[in-house]
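Inspection log for the structure reproduced underneath, given as structure tokens.
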Amino acid sequence: MSVATPAPIVSPDHLLDAPLDDLLTETGVEIVDSTITDADFFGAVVQHKSGRLLLAMPTGRSELEHDTVARYLLAQVFHVDLPKLPAPFETTEL
């Protein structure tokens, strides 16, 4: 994903250990509810026309899934080197 604004430097340890709300504040990313209800959809990074990054996350998922996917998507967009998630998780860059 191309990011119009300079990407914050996020270490793998900080990405995995910091409270999610702190990470979102530090990176300037906002979580929004997605209207996608497909059970195979776990979330997406969307760049708003303002340049702000949004994590579009489905509602009604467990806190663990929500937290894990949000952190993984942050790692992807800010190029933090983490191992890939196991199947059925798959990321696609458009």
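Is it true that some residue in the stretch 3-18 is polar (S, T, N, Q), surrounded by 14 or more Cβ atoms within 10 Å (Cβ to Cβ) and in contact with a Leu (Cβ under 9 Å, 6 or more places away or on another chain)?
Our first condition is that a residue be polar (S, T, N, Q); within the stretch 3-18, this holds for 5, 11.
Then keep just the ones that are surrounded by 14 or more Cβ atoms within 10 Å (Cβ to Cβ); that gives none.
There is no residue in the stretch 3-18 that is polar (S, T, N, Q), surrounded by 14 or more Cβ atoms within 10 Å (Cβ to Cβ) and in contact with a Leu (Cβ under 9 Å, 6 or more places away or on another chain).
Could we say that residue 18 is more than 10 Å from the chain's Cα centre (by Cα) and modelled with pLDDT under 90 here?
Here the answer is no, as residue 18 does not meet what is asked.
Checking residue 32 against (1) within 12 Å of the chain's Cα centre (by Cα); (2) aliphatic (A, V, I, L, M); (3) at pLDDT below 90, only one condition comes out false. Which one?
For residue 32, the exception is condition (3).
Which one of 54, 73, 64, 85 is part of a helix (DSSP H, G or I) and open to solvent by 20 Å² or more (accessible area, probe 1.4 Å)?
After applying the criteria, what remains is 64.
Provide a single number: the residues in the stretch 53-84 that are farther than 13 Å from residue 15 by Cβ and more than 13 Å from the chain's Cα centre (by Cα).
7
Do you know which residues across the stretch 19-51 are surrounded by 18 or more Cβ atoms within 10 Å (Cβ to Cβ) and assigned to a loop (DSSP other than H, G, I, E, B)?
Passing the criteria: 29, 34, 42, 43.
Which pairs turn up if I take residues in the stretch 32-49 that are closer than 17 Å to residue 73 by Cα and look for partners that are among the β-branched types (Val, Ile, Thr) and open to solvent by 40 Å² or more (accessible area, probe 1.4 Å) with beta carbon separation below 6 Å, at least 6 apart in sequence or on another chain?
Qualifying pairs under 6 Å: 33/59.
Consider only pairs whose beta carbons are under 9 Å apart and that are at least six residues apart or on different chains; among these, list those whose first residue lies in the stretch 77-88 and is under 16 Å from residue 27 (Cα atoms) and whose second residue is of a type outside the set (D, E, K, R) and modelled with pLDDT under 80.
Note: pairs meeting the criteria are 77/1; 77/3; 77/7; 78/3; 78/7; 78/8; 78/9; 79/7.
The values are calculated or read from the model by the stated rules, or taken from the named source; none is laboratory data. A quick note: this is a predicted structure, and the numbers were derived from the prediction, not measured. So basically every Cβ, Gly included, is an ideal-geometry build from the backbone, and we count neighbours across all protein chains shown. The area values use the complete protein model at the heavy-atom level, side chains included, leaving out ligands, DNA and RNA. Shrake-Rupley method; radii C 1.70, N 1.55, O 1.52, S 1.80 Å.
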